[in-house]
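Down below is the structure, laid out as C-alpha cells.
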Amino acid sequence: MARRNHRLWKRYPKMSLSRPLRQPRRRLDMCSCSIFMVGNTYPYSVDDWLDDIKLAASYLIDGFVLNVGREDWQRDRVADCFKAASQLPASTKFYFFFSFDMSSIPGNSAGDIQYLKAYYQAHAKDARTFKHPRTGGATISTFAGEGCTYGQGSMENGWAYVKRELNAITPAYFIPSFFIDPARYGGISAMDGAFNWNGGWPLQLSAGTSRQDLVNARLDSDNAYLANLSGGKTFMAAVSPWFFTHYGPDTWNKNWIYRGDDHLFVRRWQQLISMRDKVDIVQVISWNDYGESHYIGPIKGAQPNSQAWVDGYPHEAWLALNSYFTAAFKKGAYPPIKKDQIFLWARPHSKNASSADRVPRPDNWQITDDKIWVVVFTTAPAKVDIYTTPTRKVTFDVPAGMTKLSTDSVADGGMRGVVIRDGTVMADCTPVGYRYESRPGVYNFNCAVAMSQ
C-alpha cells in the first residue's frame, strides 16, 4: 500500500563464498519478514493461515507483519492467525508484529487508541509476537500516522501518548512508517526506529525522466533515514518486486505504476545485502497485497476488487527467488548454486496497446519497457535460449553464477526460457497460458512470473 509522494543483459560472475559480506548490526530472529494484508483474509480459516505460515517459513521468511485496519472482523482473523501459529513446532521460529494501517484507523481523539489496544492487548504478550532484543518490547509498526494527534495537540505528543498507553499493557517497540522528512525523527520520542516503506521503488521517475535516469534508477532514499536514526535505533528497509494499481475514481482512485524494470527485485536485494551492516530488518512488500500487484504469496482469500489484473498472474516464483537473497542477507554469504534454474516475468501487453477499459492507462505507463525479464542460476557455463514464439529466440552464453537477462516481448507471443549445457536441457521454464496480448481487454501492467522446477 505505497504512499504516493507521488542493455539487454548483464552478467554477474559466480559469487565467492570465501569473501564475507558486511555483517549486520545485530542478528535478529525476525530479520526478514513480509507485510500481510489482513484486510484480504475475510474468508480465511485457521488452516489457510497455517498453510501460508508454513509456506513462508519454508522460504526463509521469519514472520508476517500484520497490516490491520479498523474493521471488527479483522480482529477475528488475527485471532485465527495466532491460533494457527500455536500449532507450529517450537523449532519453527516464525513471528508476527502489527502494522497499524492509519489510512484506515482513526487517530484524532484519545479514544481512538481503542483500535490499537484491541490488537495489542490480545496478542502483544504471545510468544509468537516478535520482541525486539534491544529493549524486549513487543514490536509494532504503522502505515502512515503522521497526521494522527490522538487529541494531544501534535503528532509527536499523540504517538508519545500511544506509546505510554501500550507500555502499560506490556512494553512496546515502535518502528513506524511515517511519511515525513526523516529530519523530524529526533523530535518524536515514541520512535524506536523507522521503516522506509517506499525505499524499494524509484518513486522519483515520471514520464519526463531521461532514459539515462530511467534505467537502473537510483534507490537512495534510505540514506536520509540512516542519517537521522541514532543511538542504536532500528532501521527497517523495504524490498518489493513490482507496483501497479488500477482503481478508477469511482472506487479508490488509485491508478499508477512504479518502474519495476531492470530486475528491480534482485537489484534492490543486492543493494540491501551490500549494506547489511546498516540494515536491521528487511520487509518484503508484500505477501498478499493484490491491489498493488506486488504479492509474492499465493492468490487466495478475498481480493480488493483486483481480479481484473491479478487472476491468472501468479507470482510465487518470486517467493523462491526471494529466498536466495534472504539467505545471503542472513548468513553474510551468497548460497552456493546447486542446480540450474531460470526465472521469467513479463507484463501481459505492450504499454502502447489500446483497450476499451473504462479505467484509463495508469499514470506513468510510459516509464516501463516492453521486455521479458530473466534471472538464471547456473552451476557451470551454459547457453540460455529465451523464446518469444515457438520459433523465435535469442541465445545468450552465460557463465556460472547468477545472470540477469532481458529481451523484447513480441505481440501475440509468449515466453519460454531454456538452459542448455553440452546439448542437454538443464532447466526449462514454459509458463502455461501466458500470452502477450496485442488487444488487451483491460489495461494490465501487472506481470506473470514463472520458474523452472
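Laboratory data are not the source of any read-out in this text; all were calculated from the coordinates shown. Quantities reported herein were computed from a predicted structural model and do not represent experimental measurements. Cβ placement follows ideal geometry from the backbone for every residue including glycine, while neighbour counts extend to all protein chains displayed.
Quick one: grab Rg to one decimal and Dmax as a whole number for the stretch 182-324, Cα atoms only, in Å.
Rg then Dmax for the stretch 182-324, in Å: 16.5, 47.
If you count, for each residue, the other Cβ atoms within 10 Å and average over each peptide, how do 160-172, 141-153 line up from highest to lowest?
Details: 160-172: 17.6, 141-153: 19.9.
Answer by packing, highest mean first, reads 141-153, 160-172.
Identify all aspartates and glutamates with a Cα-Cα distance to Lys117 below 16 Å; exclude those on the same chain that are fewer than 8 residues away in sequence.
Here the aspartates and glutamates satisfying the reach criterion relative to Lys117 are Glu71, Asp72, Asp76, Asp101, Asp126, Glu165.
Over the stretch 32-331, what is the relative contact order in whole percent, taking alpha-carbon pairs under 8 Å and six or more residues apart? Intermediate values should be presented prior to the final figure.
Working: 544 pairs, mean separation 52.2, N = 300.
Averaging sequence separation for qualifying contacts and normalising by length gives 17 percent for the stretch 32-331.
Hey, what number do you get for the chain at 222 nm if only DSSP H runs of n ≥ 4 count, each worth -39500 (n - 2.57), divided across all residues, to the nearest 500?
The helix-only estimate for the chain comes to -6000 deg cm²/dmol at 222 nm.
Report for the chain the percent antiparallel among DSSP-assigned beta bridges with both residues inside it, nearest 5.
Working: 41 of 72 bridges.
Here the antiparallel bridges make up roughly 55 percent for the chain.
Over its Cα atoms, what ratio of radius of gyration to 2.2 N^0.38 Å does the stretch 24-78 give?
Values: Rg = 12.8 Å, N = 55, 2.2 N^0.38 = 10.1 Å.
Against the compact-globule rule of thumb, the ratio is 1.27.
May I ask you to list the aspartates and glutamates whose Cα is less than 12 Å away from that of Lys163, ignoring any residue fewer than eight positions away on the same chain?
Leaving aside aspartates and glutamates fewer than 8 places away in the same chain, those within reach of Lys163 are Asp192.
How big, in percent, is the set of alpha carbon pairs in the chain lying more than 33 Å apart? Write down the numbers at each step before the final one.
Numbers: 36243 of 102378 pairs.
Above the 33 Å cut-off, the chain has 35 percent of its Cα pairs.
Let me know the volume per residue of the alpha-carbon convex hull for the stretch 363-422, in Å³.
Working: hull volume 5.2 nm³, N = 60.
Normalising the Cα hull of the stretch 363-422 by residue number yields 87 Å³.
With every atom except the alpha carbons ignored, what do you get for Rg and Dmax of the stretch 341-451, in angstroms?
Both quantities, over Cα of the stretch 341-451: 15.1, 51 Å.
With the cut-off at 30 Å, tell me which of the pairs Lys54/Lys330; Lys339/Lys393; Lys331/Lys404; Lys254/Lys339 have Cα atoms farther apart than that.
On the way: Lys54/Lys330 19 Å; Lys339/Lys393 23 Å; Lys331/Lys404 23 Å; Lys254/Lys339 41 Å.
Check vs 30 Å cut-off fails for Lys254/Lys339.
Let a ≥ b ≥ c be the square roots of the eigenvalues of the Cα gyration tensor of the stretch 274-348; is it rounded (a/c under 1.5), or, if not, prolate (a/b larger than b/c) or oblate?
Working: a/c = 3.02, a/b = 1.66, b/c = 1.82.
In terms of gyration-tensor shape, oblate.
Count neighbours as other Cβ atoms within 10 Å of each site's Cβ, and list the trypsin sites (Lys or Arg not before Pro) in the stretch 277-371 that are DSSP loop with at most 14 such neighbours.
Numbers: sites: Lys278, Lys300, Lys330, Lys331, Lys338, Lys339, Lys351, Arg358, Lys371; in loops: Lys278, Lys300, Lys338, Lys339, Lys351, Arg358.
When the trypsin sites (Lys or Arg not before Pro) of the stretch 277-371 are filtered for loop state and at most 14 Cβ neighbours within 10 Å, Lys338, Lys339, Arg358 remain.
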